[in-house]
Amino acid sequence: MVVGIYPGSFDPVTLGHLDLIKRSAKMVDTLIVGVLNNKKKVPVFTEEEKKSMIELVTKDIPNVQVEVFEGLLVDFARIKKAGVIIRGLRAVSDFEYELQMTQLNRQLEKSLDNIFLTASLEYTYLSSSAVREIASYHGDISSMVPAQIIDLVEEKYKKK
Ligand code: PNS
């Protein structure tokens, strides 16, 4: 049984994330989407909001579970008996950070391996931060996030 973790901030989940979830779910027996608040970023959505949005958009993929975690990714991976971490690469600029994180994680846990998936071409421009900025100005995010969560994201910025 191969358990994979796809960790991230998902603030909010985008079509690019969903594409990676669908593709990586085919490579492992169980895919755990690990949601956390990255300490380097100020989140707009709570962890529970992010979790329920991902659950909503992945409900038809049977081997996907969504969990909130805190602390080190390697500790979460150990608890979940995961052998592989999955991350997406949109551009060369992502690579430096991802490589450093991977090397650090492998330093902490030698048995943990990594799969990097290149983002599908149509999503290479996409990021959660771009979605947040566009939504904050009430722009059209319908080509950026899954249809099921458009209202939820827009609603967040109506309240602000
Ligand atoms: O979507 P993001 O914000 O790029 O995801 C980054 C994330 C959550 C994968 C990364 O910040 C992380 O793994 N955080 C957990 C803390 C940790 O393990 N840090 C040590 C590795 S640098």
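Here, each number is a calculation from the coordinates, and none is a lab measurement. Worth saying up front: this structure is predicted, and the values here are computed from it rather than measured. When we count neighbours, we look across all protein chains shown, and the Cβ atoms used for this are built from the backbone with ideal geometry, even at glycine.
A few points about this structure:
- Exposure proxy ranking for 75, 151, based on other Cβ atoms within 10 angstrom of each Cβ and starting from the fewest, stands as 151, 75.
- The range 1-85: C-alpha gyration tensor shape, a/c 1.5 cut-off, then a/b vs b/c: oblate
- What you get for the range 26-78, charging only the Cβ of Lys and Arg (+1) and of Asp and Glu (-1), is a dipole of about 260 debye around the Cα centre.
- Report note on the peptides 104-112, 43-51: ranked by the mean count of other C-beta atoms within 10 Å, highest first, their order is 43-51, 104-112.
- Cβ crowding within 10 Å averaged over residues, with 91-99, 3-11 ranked highest first: 3-11, 91-99
- Ranking 95, 17, 44 by Cα position along the charge dipole of the chain, where only Lys, Arg, Asp and Glu carry charges on their C-beta atoms, puts 95 farthest toward the positive end.
- Centre-to-centre separation between the Cα atoms of the range 76-92 and those of the range 1-70: 11 Å.
- Under a 5 Å amide H cut-off, with hydrogens placed 1.01 Å from N, residue 145 pairs with 15 among residues at least 5 apart or on other chains.
- Calculated FRET efficiency, residue 110 to residue 155, Cβ-Cβ distance, R0 = 35 Å: about 0.20 to the nearest 0.05.
- Kirkwood hydrodynamic radius over Cα pairs of the chain, then Stokes diffusion coefficient at 4 °C and 1.567 mPa s, in µm²/s: 81 µm²/s
- J(HN,Hα) series, the range 141-146, from Karplus relation 6.51 cos²θ - 1.76 cosθ + 1.60, nearest Hz, glycine and proline x: 9, 5, 9, 10, 10, x
- Cα-centre dipole for the chain with unit charges at Cβ (Lys and Arg positive, Asp and Glu negative), debye to 20: 280 debye
- Each Lys and Arg adds +1 at its Cβ and each Asp and Glu adds -1 at its Cβ; summed about the Cα centre, the range 50-94 shows a dipole of about 60 debye.
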